[in-house]
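The values are calculated or read from the model by the stated rules, or taken from the named source; none is laboratory data. Model, not experiment: these values are computed from the prediction. Positions of Cβ are backbone-derived with ideal geometry, glycine not excepted, and every protein chain shown enters the neighbour counts. Keep in mind that these areas ignore ligands, DNA and RNA; they rest on the heavy atoms of the full protein, side chains included. Shrake-Rupley method; radii C 1.70, N 1.55, O 1.52, S 1.80 Å.
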Amino acid sequence: MLQRLSCLPLQSLARSSGFVLRRPKKLSLEAFLQSILLSLCYPAYSFQSWAAELSALQSVLFSKQALHRRCDSRLVAFLQLCLGSLLANFMHRSCPSQLLEPFGRVLLQDSTALALHPRLASSFPACGNQHQAKLASVKIQAVFELRSQSWLHFQLGALTDNDQKASGLILSLLQPGDLVIRDLGYAVFKVWRQIVQAGAYFLSRCRSDFVFFDPQTQKPVELLALVQNHCQLSVELLLGAQERLPVRLVALRLPPALAAQRRRRARANAKKDRSLKLTKRYLKLLGWTILLTNVTAEQLSAQQLWEVYSSRWQIDVL
């Protein structure tokens, strides 16, 4: 544990969060964090057990009142920075850095869920089980900046809050020139338009039921008919029956073995979830990787876009 904590720039993180204004003479930040983690291992967590743990680690007496005074928004900010810095050590940049040069930052957003004690169901509700018992889970929304390998944001919510609802979260973090990469769960056309209006970029997979129109004739474009005769395609279209958002669609045909693997996985998922309907059109479209973006061909080619999008897996690792 201490080896992990010693790798973090604790002094700079504490100052930037406002948790400490000058180097503390009495309190060791390493011992402070270690005492938090050790105290959480006790069945009954309390300020008293925390103070006892910290006093033992430093051979200096700390009162529970003194620790209580430390528990404010600055401590929360410090712990978030420590968590972000620690998680960043596990990340490895797989995308060539020169492909990211056209963008100020590359923001990856994803979510994960953790089960909680049922007593927290009123604050973090989850779907009930077959016995109608109330369950609790927390959904964590996280944003990772790929170029600097740093975590920008963590947000806690209920499991019932889907990713589409959290799609607009990225707007408060956005800067002109940023590239936002997320999976289809965050696909909200209005949010994509706001990203464009902010002078930033988005990159996402395409869903088979998205509706497209020709920008010149305004006539509908059938997605399968558009891609089926191409191994690689890059074309400008309008997205959405109402939104008519200008997008660049990039399609890359997959090797037969990989396409077959995708279809096997889709059929297996359909057996588990009967609400999933696999049409012949959908199964054929699984033979392509189809991306949607406002990144121009001058900035990134079709193949380069796929390389950049493939870096999204890094946030899935965590």
Relative to the Cα centre, what is the charge dipole magnitude of the stretch 136-286, using +1 at the beta carbon of each Lys and Arg, -1 at the beta carbon of each Asp and Glu, and rounding to the nearest 20 debye?
940 debye
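Can you tell me, using C-alpha contacts under 8 Å and at least 6 residues apart, the relative contact order of the chain as a whole percent? Working shown, then result.
Details: 470 pairs, mean separation 41.6, N = 318.
Relative contact order of the chain: 13 percent.
Would you work out the relative contact order for the stretch 141-294, in percent, from Cα pairs under 8 angstrom that are 6 or more residues apart? Show your work: numbers first, answer last.
Working: 220 pairs, mean separation 28.9, N = 154.
Result for the stretch 141-294 is 19 percent.
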Taking all protein chains as present, what is the carbon and sulfur share of the accessible area of the stretch 245-297, in % to the nearest whole number, probe 1.4 Å?
58 percent
Which pairs, out of K165/K284; K165/K190; K190/K272; K26/K64, put more than 23 Å between their alpha-carbon atoms?
K165/K284; K190/K272
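May I ask you to work out the translational diffusion coefficient for the chain at 4 °C, viscosity 1.567 mPa s, via Stokes-Einstein with Rh from the Kirkwood sum over Cα pairs, reported in whole µm²/s? Before the final figure, lay out the partial values.
Working: Rh = 22.8 Å.
D = 57 µm²/s.
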Of the options L169, A302, Q155, report the single residue whose Cα projects farthest towards the positive end of the charge dipole of the chain (beta-carbon charges: Lys, Arg +1; Asp, Glu -1).
Q155
Dimensionless Rg over Rh [the stretch 127-207; C-alpha; Kirkwood]:
1.06
Let me spell out the model: positive unit charges on the Cβ of Lys and Arg, negative unit charges on the Cβ of Asp and Glu, origin at the Cα centre of the stretch 197-305. What dipole size does that give, in debye rounded to 20?
980 debye
Theoretical gain in end-to-end length, A66 to I140 [0.36 nm per residue, Cα-Cα removed]
23.6 nm
In sequence order, calculated HN-Hα J values of the stretch 268-277 (Karplus, 6.51, -1.76, 1.60; Hz; x Gly/Pro)
5, 5, 5, 5, 7, 10, 5, 6, 7, 10
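Report the charge-dipole magnitude of the chain in Debye, nearest 20, computed about the Cα centre from +1 at each Lys and Arg Cβ and -1 at each Asp and Glu Cβ. Walk me through the numbers on the way to the answer.
On the way: 39 positive and 19 negative charges, 157 e Å.
Result for the chain is approximately 760 debye, rounded to the nearest 20.
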Mean-square fluctuation maximum in Gaussian network of the chain, Cα pairs under 10 Å, restricted to A113, A270, A121, hits A270
Computed label-point distance, nm, for sites A297 and L120 using a 7 Å Cα→Cβ extension
5.1 nm
Positive dipole terminus of the chain, leading residue within G104, C7, Q232 (C-beta point charges)
C7
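Please give me, ordered by residue number, the trypsin sites (Lys or Arg not before Pro) of the stretch 211-286 that lie in loop per DSSP and have at most 13 other Cβ atoms within 10 Å.
On the way: sites: R244, R248, R253, R262, R263, R264, R265, R267, K271, K272, R274, K277, K280, R281, K284; in loops: R244, R274, K277.
Answer by residue number: R274, K277.
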Å² of accessible area per residue within the chain, as computed with a 1.4 Å probe and no ligands counted:
56 Å²
If each residue of separation counts as 0.36 nm, what is the full-extension length gain between H230 and F189 once their alpha-carbon separation is subtracted?
12.1 nm
